[in-house]
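Peer 1: The structure that follows is given in the form of structure tokens.
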Amino acid sequence: MENWSKRILPLVDEFGQNELMDEPLFLKVRPGDAVLYEKDKIGKVLTFVGGSRDPDAPSLFQIANVDSGEIRWIHGEEVTEIVAEYRTTIKKPSSFYEQIQQQQQQQQ
């Protein structure tokens, strides 16, 4: 007998959005993002602590207030908006030899 509680199939509309539930905002927050909390305060996310069910899903955020520099912990539900996102793309680093070769080819 299958366990149906683990088989949740979302209903998706024509735009690819989930009709049943939208993903909570705090699940989109990553370290480095600037977030709005407590109605009028902006903080830079330093790190987060995951929940017990899903360690990769943030539930508590350590933030640094951009105005006062105060470092504190806030609950994910306190985040009301992501002001600025910090995303990086990691490129494969080339070796020093490859960099020299590329420079020589550009000079020719």
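The values are calculated or read from the model by the stated rules, or taken from the named source; none is laboratory data. Bear in mind the structure is a predicted one, so any value in this text is a computation, not a measurement. Neighbour counts are summed over all protein chains in view; Cβ atoms, including those assigned to glycine, are modelled from backbone coordinates with ideal geometry.
Peer 1: Of all residues in segment 19-52, how many are at pLDDT 85 or above, part of a loop (DSSP other than H, G, I, E, B) and on the phi < 0 side of the Ramachandran plot?
Peer 2: Selection size over segment 19-52: 5.
Peer 1: Kindly establish whether Glu85 is of a type outside the set (A, V, I, L, M), loosely packed, with under 15 Cβ neighbours inside 10 Å and modelled with pLDDT of 95 or more. Outline the logic, then answer.
Peer 2: Working: of a type outside the set (A, V, I, L, M): yes; loosely packed, with under 15 Cβ neighbours inside 10 Å: yes; modelled with pLDDT of 95 or more: no.
Taking the combined requirement at face value, the residue does not satisfy it.
Peer 1: Scan segment 23-52 and report the pairs whose first residue is under 11 Å from Ala84 (Cβ atoms) and whose second residue is basic (Lys, Arg), with Cβ atoms within less than 9 Å and a gap of 6+ or a chain change.
Peer 2: Gly32/Lys44; Gly32/Arg87; Asp33/Lys44; Asp33/Arg87; Ala34/Lys44; Val35/Lys44; Val45/Arg30
Peer 1: Tell me whether segment 72-79 contains one or more residues that are at pLDDT 85 or above, in a helix (DSSP H, G or I) and exposed (fewer than 12 other Cβ atoms within 10 Å of the Cβ). Walk me through it before giving the result.
Peer 2: From segment 72-79, those at pLDDT 85 or above are 72-79; that's our starting set.
With in a helix (DSSP H, G or I) added as a condition, the list becomes 76-78.
Applying the additional criterion that residues be exposed (fewer than 12 other Cβ atoms within 10 Å of the Cβ) yields 77.
Yes - at least one qualifying residue is present in segment 72-79.
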